[in-house]
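What follows is calculated from the coordinates using simple rules that are stated; it is not laboratory data. What you see is a predicted model; the values in this text were computed from it and never measured. When we count neighbours, we look across all protein chains shown, and the Cβ atoms used for this are built from the backbone with ideal geometry, even at glycine.
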Amino acid sequence: MSYKHGIEVIENKTSFPNPHSTRYGVQVVLGTAPVNLAENPYETANKPIKVANYEEAVKQLGYSEDWKSYTLCESMYASFKVFQVSPVVYINVLDAKKHFINVEEASYPVSGHQVILNTTGILKDTVKISAVKEDVTVLMENKDFIMDFNESGYLVVTLLKAGKGYEAADLKISYKMIAPDMVTEEDLIGFYHVETGEETGMEVLRQIYPKFGIVPGMLLAPGWTENPNIGAALQSKCEGISGIFRTMCLLDLDTQKARKYVDCLSVKNEMGYDEEHSIVLWPRVTKDKRQFHYSSVYGAMMSYQTVLNGDVPYVYPSNKLLNVDGAVLADGSEIYLDQAQAGELNGSGVVTAFHDNGWKAFGNNTGCYPQNTDPKDRWIGCRRMFDFVANYFITVYRSKLDEGMNKRLVDDIINSFNIWGNSLMASGMCAGLYAEYRKEENTISDILAGHMKIRIHFAPYTPTEYIQAVEEFDVTTFERAMTMGEE
């Protein structure tokens, strides 16, 4: 190490604020990523990848501004730049071993001892280069040339001065490139291969808890759930994750079909978005001159609000700032709803975006409304809290399994759960939460079979969705004011 005496300044790349960390509001996002830019392009497909910040997401999955082709990048931007919340679990279904095309050898001019391949998606390890002089000479990486991607995702080939092709005027280059257009809805929905045990797409959701100890807080697939087959599959996955857990899913209505707010109910019904664990969203939103599917921003916002409120999802996401600049259709047409129009959408079980001193989420009903009016199912906050309490009970009391079923064990479960329930109630997170053990529901035959039943009583708060003030002309006050000073 050289001797140092003096002063110097070094620069780091621009970093972003450390994200807020959540345990019970974790987004699980399915889609496609520019994996050719990832650290290990062939090890990213069909596995849950947990990331804690933007830099880690880029390292493990790559990043591109082409959100139409690489849908996970939209969520990366929303989660780490718009709202700064972590972790996020990504499931990429673009398989570099399967979704690629071969690009035949072609000649490229050399400028300044460099060639820039102005296309994205190139798999760097498949690039083959020959120098064209008097004859054709095959060049070797790190001996004759080096390669790297620039900020646009284009591959830059730089000839080394000590290499064979340094003075070449042209290079012959062939390569393989990933093809996001080859990814189908079947890839996203996925399958379980009975013979090999391979899991793909949504079947990978099962692996999240065993691998990370995380219960998904919400499922989303921006850019995909405008397809009703994807949305239906996502709805079906909200219960029974890893066999036992439950969660919510975020579904975008197709804004090419639902161009007006009055179209949304019929389009929602047509798409089959009517489950209690679904949150149906319309239209799209914009930020920094970028267009987002509503689900990517709403998911980040919902996760962020969970963090801000003790990591308990009791706060309704409605009337919360989205940190966006506008609401639009797919073609860029701007949408401005008034309160009555937004309310009609909410009455159709659709959450929208409403401008009121900033763009805010607006709506408290899940997708099951208006067909299902049960408060535990129709209200987003109630549904999330029921899921939260169920998932909490499973994860905390799993440790009690296989212990002797005696009175001490029963008291331990009931008392500890009720202490936790009282803490939520005292914090204003619910109206009441307690558990009880009923002897009549635990017969001798049940106990001999090793079965215990506990009854949980839970009352989350419903939203203050409507406030009415009645005003009238007070004649008495008026007369009193007019007659003051006459006597």
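How big, in percent, is the set of alpha carbon pairs in the stretch 100-178 lying more than 14 Å apart?
Result: 57 percent of Cα pairs exceed 14 Å.
Given charges of +1 on the Cβ of Lys and Arg and -1 on the Cβ of Asp and Glu, with all other atoms neutral, how large is the dipole of the chain about its Cα centre, in debye to the nearest 20?
Result for the chain is approximately 1320 debye, rounded to the nearest 20.
Please list 458-470, 54-66, 326-338, 28-40 highest first by mean number of surrounding beta-carbon atoms within 10 Å per residue.
For the peptides 458-470, 54-66, 326-338, 28-40, the packing ranking is 28-40, 54-66, 326-338, 458-470.
Would you list Trp359, Trp224 from fewest to most Cβ contacts within 10 Å?
Trp359, Trp224
As an exercise, use a Förster radius of 30 Å and the Cβ-Cβ distance of Glu56 and Arg290 to find the FRET efficiency, rounded to the nearest 0.05.
0.90
Determine ³J(HN,Hα), in whole Hz, for all residues of the stretch 64-75 in sequence, where each value follows from phi through the Karplus function 6.51 cos²θ - 1.76 cosθ + 1.60 and θ = phi - 60°; x replaces Gly and Pro.
3J(HN,Hα) across the stretch 64-75, in whole Hz: 9, 7, 7, 6, 5, 7, 10, 5, 5, 5, 4, 5.
What FRET efficiency comes out for Asn406 versus Tyr154 if R0 is 51 angstrom and r is the Cβ-Cβ distance? Round to the nearest 0.05.
0.15
Which whole-number percent gives the relative contact order of the chain, counting Cα pairs below 8 Å spaced six or more residues apart?
12
Given the alpha-carbon gyration tensor of the chain, what are the semi-axes of its equivalent ellipsoid in whole angstrom, ordered largest first, with each equal to the square root of 5 times an eigenvalue?
Each semi-axis is the square root of five times an eigenvalue, giving 50, 32, 23 Å.
Would you be so kind as to identify which of Ser423, Thr184, Gln291 lies farthest towards the positive end of the dipole of the chain, taking Lys and Arg as +1 and Asp and Glu as -1 on Cβ and the Cα centre as origin?
Ranked along the dipole, the leading option is Ser423.
Would you work out the charge dipole size for the stretch 408-487 about its Cα centre, treating the Cβ of every Lys and Arg as +1 and the Cβ of every Asp and Glu as -1, and quote it to the nearest 20 debye?
So the dipole magnitude of the stretch 408-487 works out to roughly 940 debye.
So how strong a dipole does the stretch 100-178 carry about its Cα centre when Lys and Arg Cβ are +1 and Asp and Glu Cβ are -1, to the nearest 20 debye?
120
Calculate for the chain the 222 nm mean residue ellipticity that helices alone would give, adding -39,500 (n - 2.57) per DSSP H run of length 4 or more and normalising by residue count, nearest 500 deg cm²/dmol.
Value at 222 nm, helices only, nearest 500: -7000 deg cm²/dmol.
Between Glu344 and Ala426, what is the label-point separation in nm under the 7 Å Cα-to-beta-carbon projection?
Calculated label separation equals 4.9 nm.
Can you grab the distance from the C-alpha centre of the stretch 17-79 to the C-alpha centre of the stretch 137-194, Å, no decimals?
A separation of 21 Å, based on Cα centres.
Given the options Gly349, Ala459, Asn102, identify the residue whose Cα lies farthest towards the positive end of the charge dipole of the chain (+1 on Cβ of Lys, Arg; -1 on Cβ of Asp, Glu).
Of the options given, the answer is Asn102.
Pull up all non-local amide H partners of His20: gap of 5 or more, or a different chain, and H-to-H distance under 5 Å with H placed in the peptide plane.
Val85, Ser86
At 0.36 nm per residue, minus the direct Cα-Cα distance, what do Asp325 and Phe478 gain on full extension? Give it in nm, one decimal, please.
50.4 nm
For Tyr461 and Lys161, calculate 0.36 nm times their separation in residues minus their Cα-Cα distance, and state this gained length in nm to one decimal.
100.9 nm
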